[in-house]
Amino acid sequence: EEGMGGMELDDDFDVDEDMARHMGENMIGEERDISKGSGEILKKLISPGAGYENPKDAYEVHIAYTARVKGGDVFDSRTAEAPLAFRMDVPAQDCPVPVGVARSLRSFLKNERSLVTLQPSVGFGDDGNAGLGVPGGAVLEYELELVNYYKVELFEEGKLVVKTVEDARTWEVFEDGSELFIAYEMKLPGGAVVQQADGSLESTPFVRGQGEEMTKSAGFPPFFDLMLNGMHQFSKYEVTVAPELAYGSAGDEALGVPPDTPLTVSVQVNNCYPVEDVSGGDGKVVKKRTRKGDGWAAPRAGWEVHVRYTARSSSGAVIRSSGEGEDAPPLVFRVGREAEAGLPRVFELVKHMSRLEKAEFTCHPDWSGEAEPGMVFAIELVTWMEVKKLHKTNDLVSLKLVEAGDGYERANDGASVVAHMTISTSPGGEVLEDSVAKGEPMTFVMDDDTVIPAVEQAVKEMQAGAVAELEVPPEWGYTHPLAEARGVDPAKAVGAHLLARVHLVSFEKAKEEYDLEPEERATLQLRKKEQGNKLFQQGRFLLAQAKYEKSVGLVQDADFVDEAQRESVDKVRMQCHVNQATCFLKMGDYDKVVDHAMKALTVDGDNIKALLRRGQGNARLGNLDEAKEDLMKVLKIDARNHDARQELIAMRDKVAAHKKKEKAMFSKMFADNKTPLT
């Protein structure tokens, strides 16, 4: 068809694509200048399109339209059933519509309908179009519909053209070394098929980046590597190949390709096995992924992984495996502890796999643990379970998340909890508590100290429906009173290492602290202090100080206007700081001893216990002058204070021992130096 364009398509002119891209239903009937203020192209939206992408560059567009001289009769039209198709990069003289139509299409979305008004400069100019009956200088109106468009990419100066027929919206590119299973059909200009493949996993894979000669020797067309640039898995393409990039002047007699013959190829990459060096670039482990996993997350150090594997020699003989079939139990180990499980180094690489991913690792003996090079480990990462240390237990309690919960809400202090729990000793496995066997879940209130503290700490990090397994050291398990309260034999429970399985069935959150009335806060403040005292008496200093910390943070001075109430709150706060200092003294954290003692002294500068704790903390930190000052002040207030006297005696002995050591050191130095003075 003879071209209609009056200007070049690739000059500096452009439409206001950003403006047009945002023309939605609220802009129907509104006319806009999309030629950046020149007035050459006006667009009035009739019905909005779909998606977010506009045709551009070398895209192929399919349009329906009705064209008329403004105020006159229709002179040309196409329907959606039989649309006009052309490339956006076609030279102006070959363009089947006026240049203004082609430019306006850069602002269209798929299925959009708009009325486009063109000035003569972007229509048929001063000469008009006699064949269509359009006079010179006419203003044109095109009612346009973008029926469809296809992305087109050009390679080697247009000698290879790739048109995306169906975009699967996958983004992974094909790296060199990847094995691709390609369905394709290659045809001569008359439509005769000269080569094809179904792209099944049983077909011969194409190896990316192997070079033209190896490509041909493997039975693939020589242009395949070039053709795959920019392609994505599952998308469908139509490729046009010039003779120079196909079989040239010689042709291919075996395939039936005559000399100097262009080819068309329909292509779809059905599967991709990415191949990469995963051992730091030394080539000792090459990974080929044979099944993509679920998402991008991977297990972290310490997490429990479940894998199935088969290890084969370079000849294909099975050396070892985790078992035959899907019913075989998987191999279970912790990431980063492969050596402890007696596994070769290749299993370390599971940390880079996603759930349900399958991969083959070709290994050097350093990684396979076998003398023979070229061992192949086919590994499937069935699943993993998050394993972490609970921070607020000083990393003593380990939690393994067996099953994730729902949502993001977590139980707060005071929440009513419904949970199934099974607690047993470890090792030995004697069951101490088991709500599952009883057929009824347990109920408890968070932070009421009615279950072992490890369970409370775990529940704080779980969502409803979650299931977790805990490894619990004695200090986070039972005390004698708690064991008796729960009907557990203290002789078996107290001091035992425990395993606990917790299923958080549901919980009802308590009122948040910021919603509490001042009186409620004051009551809770005192209660937390009393809970801390009980734990302190049981020797659970870390748990006790956490209760004191909670008590301190519950009440702020601004909450109270009554002076008597403020004094009561301050007194409890001061006592909690002193008690925290005592806890940290027991735990050997002397900086925090000094810190909390100082906070107590801001409330009561002459408090004997606070002065004593600060003195003891400084003494152990080596700040002897500061320690002596506090301890002497204690004795000034209470001359019979035994702890202050004992601390001063210990300091005196420490200083004396230090001086004795210093004296001996200097005596030795002078004894060794017998060189006469001159």
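Tell me, what is the FRET efficiency for THR264 and ASP489 to the nearest 0.05, using R0 = 56 angstrom and their Cβ-Cβ distance as r? The pair THR264/ASP489 has a calculated efficiency of 0.10.
Within 10 Å, count the other beta carbons around each residue, average over each peptide in 36-46, 250-260, and list them highest first.
Ranking the peptides 36-46, 250-260 by packing returns 36-46, 250-260.
For every other residue with a beta carbon closer than 15 angstrom to the beta carbon of ASP638, add +1 if it is Lys or Arg and -1 if Asp or Glu, then tell me the sum. Local charge sum for ASP638: +1. Relative to the longest principal axis of the Cα atoms of the chain, the long axis of helix 624-637 makes an angle of roughly 50 degrees.
Here's the list of lysines a cross-link from LYS529 could span, going by alpha-carbon distance under 19 Å and ignoring same-chain residues fewer than 8 apart: LYS392, LYS547, LYS550, LYS571, LYS586, LYS592, LYS599, LYS609. Considered as an equivalent ellipsoid built on the Cα gyration tensor, segment 69-120 has semi-axes of 17, 15, 13 Å, the largest given first. Per residue, the accessible area of the chain comes to 52 Å² when a 1.4 Å probe rolls over the protein heavy atoms.
Sites listed here are chymotrypsin sites (Phe, Trp or Tyr not before Pro) in segment 347-445 whose DSSP assignment is loop and whose Cβ has at most 16 other Cβ atoms within 10 Å: TYR408. Principal-axis analysis of the Cα atoms of the chain puts helix 563-587 at an angle of about 90° to the longest axis. Helical content alone sets the calculated 222 nm signal of the chain at -8000 deg cm²/dmol, taking -39,500 (n - 2.57) per DSSP H segment of four or more residues and averaging over every residue. The calculated FRET efficiency for TRP171 paired with GLU567, based on their beta-carbon distance and R0 = 45 Å, is about 0.10. Helix 590-601 axis versus longest C-alpha principal axis of the chain: approximately 80°, rounded to the nearest ten. Distance from the C-alpha centroid of segment 498-556 to that of segment 446-473: 14 Å, rounded to the whole angstrom. Loop-resident GluC sites (Glu not before Pro) (DSSP state other than H, G, I, E or B) in segment 42-118 with no more than 16 further Cβ atoms inside 10 Å of their Cβ: GLU53, GLU81.
In a simple Cβ point-charge model (Lys, Arg +1; Asp, Glu -1; nothing else charged), segment 297-343 has a dipole of about 200 debye relative to its Cα centre. The simple spin-label model puts a point 7 Å past each Cα toward its Cβ; for VAL603 and LYS586 those points are separated by 1.9 nm. Ordering of 165-177, 138-150 by packing is 138-150, 165-177, highest average first (other Cβ atoms within 10 Å, averaged per residue). Apolar share of the accessible surface for segment 15-95: 46 percent from carbon plus sulfur atoms, 1.4 Å probe.
An ellipsoid equivalent to the chain, defined through the eigenvalues of its Cα gyration tensor, has semi-axes of 75, 39, 29 Å when rounded to whole angstrom and sorted largest first.
Simple spin-label estimate for GLU81 and TYR52 gives 3.6 nm between the two label positions (7 Å along the Cα-to-Cβ direction from each Cα).
With both labels modelled 7 Å from their Cα along Cα-to-Cβ, the ASP294 to GLN646 distance reads 6.0 nm.
The values are calculated or read from the model by the stated rules, or taken from the named source; none is laboratory data. Just so we're clear, the structure is a prediction, and the values are computed from it rather than from any experiment. A quick note on method: Cβ atoms are made from the backbone with ideal geometry, for glycine too, and the neighbour counts reach across all protein chains shown. Protein only, heavy atoms only, side chains kept; ligands, DNA and RNA dropped before computing areas. Shrake-Rupley method; radii C 1.70, N 1.55, O 1.52, S 1.80 Å.
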